[in-house]
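Quick notes on the structure that follows.
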């Protein structure tokens, strides 16, 4: 199933689950706003709430889906950047699969430090303002190209951060009453072509499966 985002955003409680409470907070944030992201993830207790709610209670599968696509389609020697690396949910999967040439980039110092053990290197970086300090074969973006986080304003910087022919592997939310890819500009940006799409169960929301969409963007020539 998908869910109506307006019901998520407007609900004030009581909440049926930690996952419901977390998503109400997250989807209410503004795009590309550092202060909003710090408000959501900027302390140890807030990072812990994300882990306890969406990741553990909600059985958040999207980081593994993103990493799995890369591991199935790229060699071990690939240079990989994980943008929005946070506490390392994507990095853990890569490390378990012996994909070790993975660098993490995040806005939030607390989250970046927590994820540091799962990456070759971790740096603080705002992908809205500038490209990454080097180019990569592939960039993963799990949990950031979504409502309340980052829109297609980041597309030019992500494109400049890839080697020729590189790919951006991401996922987007799916809702009955809202199209993130349209609102956020991903359906009209000119830097990438969509190479692959696949729907999958992203998390459990109050006992029901909620779908997301894995999208692979190929850098245009």
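Values quoted throughout were computed directly from the atomic coordinates according to the rules given, and no laboratory measurement underlies them. What you are looking at is a predicted structure, and each value in this text was computed from that prediction instead of being measured. We place every Cβ from the backbone using ideal geometry, glycine too, and count neighbours over all the protein chains shown.
The table for this structure:
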quantity: Set 207, 165: member being surrounded by fewer than 20 Cβ atoms within 10 Å (Cβ to Cβ), free of Cβ contacts under 8 Å to residues at least 60 places away in the same chain and out of contact with any strand residue (DSSP E or B) (no Cβ under 9 Å at 6 or more places or on another chain); calculated: 207
quantity: Meets criteria (in contact (Cβ under 8 Å) with a residue 24 or more places away in the chain, over 17 Å from residue 85 (Cα atoms) and surrounded by fewer than 15 Cβ atoms within 10 Å (Cβ to Cβ)) for residue 215; calculated: no
quantity: Per-region count, the stretch 149-198, residues part of a strand (DSSP E or B) and at negative phi; calculated: 19
quantity: All positions within the stretch 78-124 that are in a loop (DSSP other than H, G, I, E, B), touching a strand residue (DSSP E or B) at 6+ places or on another chain (Cβ under 9 Å), farther than 18 Å from residue 166 by Cα and without any contact (Cβ under 8 Å) to a residue 40 or more places away in the chain; calculated: 85, 88, 119, 120
quantity: Out of 28, 45, sole residue that is surrounded by fewer than 16 Cβ atoms within 10 Å (Cβ to Cβ) and under 18 Å from residue 148 (Cα atoms); calculated: 28
